[in-house]
Amino acid sequence: MNDQQTSIPRIGDNAPDFTATTTTGELTFSDYNVGSWVIFFSHPADFTPVCTTEMSGFALEQDSFFAIHNTKLLGLSIDSIHSHIAWVENVQRKTGVLFRFPIVADIDMSVAKLWGMLQPGESETAAVRAVFIVDPNGVIRLIMYYPMNVGRSMDEIKRTLIALQTATENKCSMPLNWKPGDRVILPAPKTVEALEERLDSGLEMVDFYLATKAL
């Protein structure tokens, strides 16, 4: 295994910190993360078609992510700040969509390597479509990787963010295809006493280890 493979962050790790130039000014990740969730995502390159659709999708959801879900957005590609600014202007002029969230300029690939966004089997010089969801404590809670030729699902990113936040708040788990309003799964009993309480609880159960409730 090479250094890029062994350094890839994992779910449950503290988010690697960095300071970088972005389209909204210099940014330190740990400062940006204080008090809010962060969705940090990479794209292969500016002025490319799939990336333009994805970044536009994030831009259109930016206000609701923050206002409703206390979540900030942060993008990255291995491009210069001048390329980023030109692309932001081009997309706004052509489509009316403005990328107001910061986009990290990572021309030396240092942040992409730190976060495991470079996948040598896909490309040595362009980031794959990675998504990291980081909680307000700076812990990575979810990681998704997409190849360069397949765009991400905004519906799935939103669903998993809400699922993580709901599970954290309510100390529960989510079943297959869970979406807001669905029943959630309660932790299985860990003692005989807890088992007896579960059996007498009146909860909806497949069996004692699989009990659900509405929130």
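Read the figures in this text as sums done on the coordinates, not as results from a lab. Keep in mind that this is a model prediction, so the values were computed, not measured. Note that we place each Cβ from the backbone using ideal geometry, even for glycine, and neighbour counts take in every protein chain shown.
Listed values, structure above:
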read-out: Summed residue charge, Cβ within 15 Å of Gly25's Cβ, Lys/Arg positive, Asp/Glu negative; value: 0
read-out: Separation between Cα centres of the stretch 97-175 and the stretch 31-61, rounded to whole Å; value: 9
read-out: Structure-derived semi-axes √(5λ) of the Cα gyration tensor in Å - corresponding label in (1) 37, 19, 15; (2) 25, 21, 16; (3) 37, 22, 15; value: (1)
read-out: Relative contact order of the chain, pairs being alpha-carbon contacts under 8 Å that are 6 or more residues apart, as %; value: 22
read-out: Packing-based ranking, highest mean first, of 199-207, 94-102 given that Cβ atoms within 10 Å are counted; value: 94-102, 199-207
read-out: Relative contact order (%) - the stretch 120-159, alpha-carbon pairs under 8 angstrom, separation at least six; value: 34
read-out: Cut-off 14 Å between beta-carbons: net charge of the residues surrounding Val139, Lys and Arg +1, Asp and Glu -1; value: -1
read-out: 0 to 90° range, to nearest 10: angle between helix 81-95 axis and the chain longest Cα axis; value: 80
read-out: Under 28 Å, Cα to Cα: Lys pairs in the chain, sequence gap 8 or more or different chains; value: 16
